[in-house]
Amino acid sequence: MALAREHKSGALSGHKGFTLAMTVGAVALVALALLSIAYGSTLIPLADVVAALGRSIGLDEPQISGPVGRIVVDLRLPRTILAICVGGGLGIVGALLQTVTRNDLADPFLFGLSSGAAAGAVSVITVLGDSFGIWTLPVAAFTGGILAASIVLLLVARVRGQGPERLILAGLAVSFMFTALTNYLVFAGDQRAAHSVLFWTMGGLGLARWDNVWLGAVGAATIAAYGLWNHRKLDAFLAGESAAESLGVPVARMRRTTFLVAAFSTAILVSVAGVIGFVGLMIPHLSRPLAGSLHLRLIASCALFGAVLLLASDLLARTLLPPQELPIGIITSSLGAFFVVTMVVRNRL
């Protein structure tokens, strides 16, 4: 299995190699964050970006004339922070789901978490309307994601045997069900909202504001804290379920708990950024050769490179077709398709 092969190859990655990879990733993250703030409908010189950021944290930087300072601090900085949180969070979610299900293709899409959140949001856009003000869309998406996770776990609990294959099959069924519901709502609801639905179901960071960035931070922090706290139990899964049980790890309960925490985090992330695919699938595979398969390093690596990937994707989405902004999902899905084909050709999946 690819996880086992990557565990063996990842074991060869030493401390120096990991440190170098994380250093390069951190430099790329800072560079992409600055470029993300600088580029948009209005190009802002990097010197002005740095000056505006410096003034916002109290440094003695020169005053920036005009609305540049407000654009940097109030509009583009929240978007950049949200991209970092969502990318890092989805990367960790994918790594943990792949571990506990022993499935190399596991990510939030596979288990219906993203499609449930999408159905919740689309029901608001096309049918229910703006009942809770600016929080309507996040609340509906979060509710849909949690509902999908609950149905998956209920289906698994109703059948004999609760192995990972049951979880995957139940997740696929729920994913198809909520996708069908979303498509029905699009055609049966207000057709004037079709463009908004299309953009949201493909993901985007246009809703980023200071009053909702904290949601992205909570989603990413929740899955990261859970993974780091249980990293030794997750490591035990790498040796197989029987070995993990012999080491005192309650495999079935650990799998359910991990799935619930992943569902909670995914629902929060999707509620503010829409459905962004393939990040949770690609990032763990890209991180294991650098960090190894043990979860203490892997989680840190997935968080960093997930943030880098989403920042780069968001930058491309805003610059490929100016002045229009492409949904991020188009970028990540294109990269994901190329990644999967490459892995198949190389016999890694």
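The values are calculated or read from the model by the stated rules, or taken from the named source; none is laboratory data. What you see is a predicted model; the values in this text were computed from it and never measured. Glycine also receives a Cβ, built like all others from the backbone with ideal geometry; neighbour counts cover every protein chain displayed. For accessibility, only protein heavy atoms count, side chains too; no ligands or nucleic acids. Shrake-Rupley method; radii C 1.70, N 1.55, O 1.52, S 1.80 Å.
Computed packing ranks the peptides 76-87, 143-154 as 76-87, 143-154, most packed first, by mean other Cβ atoms within 10 Å.
Run the numbers for T19 and L172: contour at 0.36 nm per residue of separation, minus the present Cα-Cα distance, in nm.
Values: separation 153, 0.36 × 153 = 55.08 nm, distance 3.77 nm.
Full extension from T19 to L172 adds 51.3 nm.
When restricted to Cα atoms, region 41-127 yields an Rg and a Dmax of 19.7, 55 Å, respectively. The value given for the chain is a Kirkwood hydrodynamic radius of 20.7 Å, derived from the mean inverse Cα-Cα separation. Remark: spin-label model distance L198-A252 equals 4.7 nm, labels positioned 7 Å along the Cα→Cβ axis. Here each label is just a point 7 Å from Cα along the line to Cβ, and for A26 and V127 those points are 4.9 nm apart. Only protein heavy atoms count here; under a 1.4 Å probe, M202 has an accessible surface of about 70 Å².
Just the number, please: carbon plus sulfur as a percent of the accessible area of region 24-99, 1.4 Å probe, no ligands or DNA/RNA counted. Looking at region 24-99 in its full context, I get 68 percent from C and S. Largest accessible area first, the residues H231, H295, H195 order themselves as H195, H231, H295 under a 1.4 Å probe with ligands, DNA and RNA left out. Remark: spin-label model distance V344-S242 equals 3.3 nm, labels positioned 7 Å along the Cα→Cβ axis. For the chain, the mean residue ellipticity at 222 nm estimated from helices alone is -23500 deg cm²/dmol, where every DSSP H run of n ≥ 4 contributes -39500 (n - 2.57) and the total is divided by all residues, rounded to the nearest 500.
Seen from E241, the other residues with C-beta closer than 11 Å to its C-beta sum to a net charge of +1, counting Lys and Arg as +1 and Asp and Glu as -1. The order of the peptides 210-219, 97-106 by mean Cβ neighbours within 10 Å, most packed first, is 97-106, 210-219. In loop segments of region 289-349 as defined by DSSP, the trypsin sites (Lys or Arg not before Pro) with at most 14 further C-beta atoms inside 10 Å of their C-beta are R346, R348.
By the combined test of axial Cα extent (at least 30 Å) and Kyte-Doolittle hydropathy (mean at least 0.5), the qualifying DSSP H helices of the chain come to 15-38, 77-101, 136-157, 164-188, 251-273, 295-319. Once the 1.4 Å probe is applied to the protein heavy atoms, region 243-319 comes out at 28 Å² accessible per residue.
Selection among W200, L309, V345 by position relative to the dipole of the chain gives V345 as farthest towards the positive end (Cβ unit charges, Cα centre). Cα centroid separation, region 36-106 to region 202-269: 23 Å.
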